[in-house]
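The values are calculated or read from the model by the stated rules, or taken from the named source; none is laboratory data. Predicted, not measured: the structure shown is a model, and the values here were computed from it. Glycine gets a Cβ as well: all are built from the backbone with ideal geometry, and neighbour counts include every protein chain shown.
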Amino acid sequence: MNAEMLVFSGSSHPSLARAIAERLGQPLGQSQVIKFSNENLMVRIADNVREKDVFVIQTSAPPVNEMIVELLIFLDALKYASAARVTAVIPYFPYCRSDKKDEPRISIAARLMADLIQTAGANRVLTMDLHSPQIQGFFRIPADQLLAAPVFFEYFNEVLFAETSRADFVLVMADHGAAKQFAYYFDELRSPVAILDKFRVDHTEKPVIRQIIGDVQGKSALIIDDEIASGGTLVEAARFLQAAGAKRIFAAAVHPILSGNAIERLLESPIERFIVADTVPVREKVKPYGDRFVVLDVSPLFARAIQCIHNGDPLSDLFPPSVKRRR
Ligand code: R5P
């Protein structure tokens, strides 16, 4: 696009937005969010955005519902300020687990989010590791989904597999959904795989693991999942893997929501290390726990994707080779 690029940050994750802007070699755009006593929000864009190519970075982080409304008002303000094109950059997509109608009389809230984002004025969306692929199809505007995998693979190959023998590892998919979503991990990492047969019986955030498909006896288990919310899945998975004979347990998840007392629960589990990305503000939260949490930086991926979108270049180089081959 010939128009000048401008990058704005919402209030949800300013450190990630700053890192992205820095990598793009430009300052963040100036804006102000005012919260009135009646809890209404006002967003004022201080820079001239007329005919500019604008990116606004807002992730789903507490207070989640307020951050969603802030994003919508941001998009609306940019539209009325005559931006040429507005891209909503949403590293962790809100309500992403509400992606299907699997109970009577419920909303598909992730689709509702997509509707709202488009109506508010987004011309494009850039996000990362959606909970399920159908969410991309909830949009009628271009929606690019980045994968954090290259950043995780680099860590696995250069650090984790270098510390402990690669041949010892089994990739453990946290549920059937993860097995499908992260199938390309097998191609890239060439490790054996096990799948946990996990299901939920209610909304108590206490999942049940029925069985394990695959063998972890005497192995280092590396659990792969898209997000850690209450920590229930990982705690239960670790208990199950230990009983199945795993000798060491590690976990990797893209979005570390770490809600409620998740950190305390995880620290009590036999999982040696939690490897996560910074799609939500997590660094300060886990800082006191030293090496037990490793936070990987996704700002280079987002910066490159924004530059590609701005230039009109394909994003394919940002994906692992096995994902590219499937395209
Ligand atoms: C569930 O389907 C997801 O893939 C994750 O396993 C889940 O969101 C993790 O949530 P929690 O940490 O609360 O078990």
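Annotations for the structure displayed:
- The single condition from (1) touching a residue at least 12 places away in the same chain (Cβ under 8 Å); (2) away from the ligand (no atom under 16 Å from the Cβ); (3) on the phi < 0 side of the Ramachandran plot; (4) of a type in the set (Gly, Ala, Ser) that Ala238 fails is (2).
- Annotation note: of Glu51, Glu39, Glu103, the sole residue that is out of contact with any Phe, Trp or Tyr (no Cβ under 6 Å at 6 or more places or on another chain) and modelled with pLDDT under 95 is Glu103.
- Of the criteria (1) buried (at least 18 other Cβ atoms within 10 Å of the Cβ); (2) part of a helix (DSSP H, G or I); (3) within 13 Å of the ligand (Cβ to nearest atom), which one Tyr185 fails: (3)
- Residues (surrounded by 18 or more Cβ atoms within 10 Å (Cβ to Cβ), within 16 Å of the ligand (Cβ to nearest atom) and charged (D, E, K, R)) located in the stretch 205-235: Asp225, Asp226, Glu227
- Among residues of the stretch 189-206 that are assigned to a loop (DSSP other than H, G, I, E, B), those with a beta-carbon under 8 Å from a residue that is of a type in the set (Val, Ile, Thr) at least six positions away or on a different chain give the pairs Ser191/Val170; Pro192/Val170; Arg200/Val208; Val201/Val208.
- Glu264 being of a type in the set (Asp, Glu), on the phi < 0 side of the Ramachandran plot, within 23 Å of the chain's Cα centre (by Cα) and more than 10 Å from the ligand (Cβ to nearest atom): yes
- Of residues in the stretch 73-127 being in a loop (DSSP other than H, G, I, E, B) and hydrophobic (A, V, I, L, M, F, W, C), the one surrounded by the most Cβ atoms within 10 Å (Cβ to Cβ): Ala122
- Single unsatisfied condition, Leu130 versus (1) away from the ligand (no atom under 15 Å from the Cβ); (2) surrounded by 16 or more Cβ atoms within 10 Å (Cβ to Cβ); (3) not in a helix (DSSP H, G or I): (1)
- Selected residue [surrounded by fewer than 21 Cβ atoms within 10 Å (Cβ to Cβ) and part of a helix (DSSP H, G or I)] from Asn65, Asn38, Asn2: Asn65
- Residue check for Ala251: within 24 Å of the chain's Cα centre (by Cα), under 30 Å from Ile57 (Cα atoms) and buried (at least 23 other Cβ atoms within 10 Å of the Cβ): yes
- Sole residue being closer than 18 Å to Ala253 by Cα, at pLDDT 95 or above and out of contact with any Phe, Trp or Tyr (no Cβ under 6 Å at 6 or more places or on another chain), chosen from Ile224, Ile228, Ile213: Ile228
- Gly232 falls short on exactly one of the conditions (1) within 27 Å of Glu188 (Cα to Cα); (2) touching a Ser or Thr at 6+ places or on another chain (Cβ under 9 Å); (3) not hydrophobic (A, V, I, L, M, F, W, C), and that condition is (1).
- Within the stretch 31-42, the residues that satisfy the criterion of being closer than 25 Å to Glu284 by Cβ and in contact (Cβ under 8 Å) with a residue 24 or more places away in the chain are Ser31, Val33, Leu41.
- Glu272 meets the conditions (1) within 16 Å of the ligand (Cβ to nearest atom); (2) more than 22 Å from Gln58 (Cα to Cα) in every case but one. The failed one is (1).
- Cβ-Cβ under 8 Å pairs, at least 6 apart or on other chains, the stretch 155-172 side of a type in the set (A, V, I, L, M), far side in a helix (DSSP H, G or I): Leu171/Tyr185; Leu171/Phe186; Leu171/Leu189; Val172/Ala237; Val172/Leu241
- Some residue of the stretch 9-30 being farther than 24 Å from Asp144 by Cβ, free of Cβ contacts under 8 Å to residues at least 24 places away in the same chain and not in a loop (DSSP other than H, G, I, E, B): no
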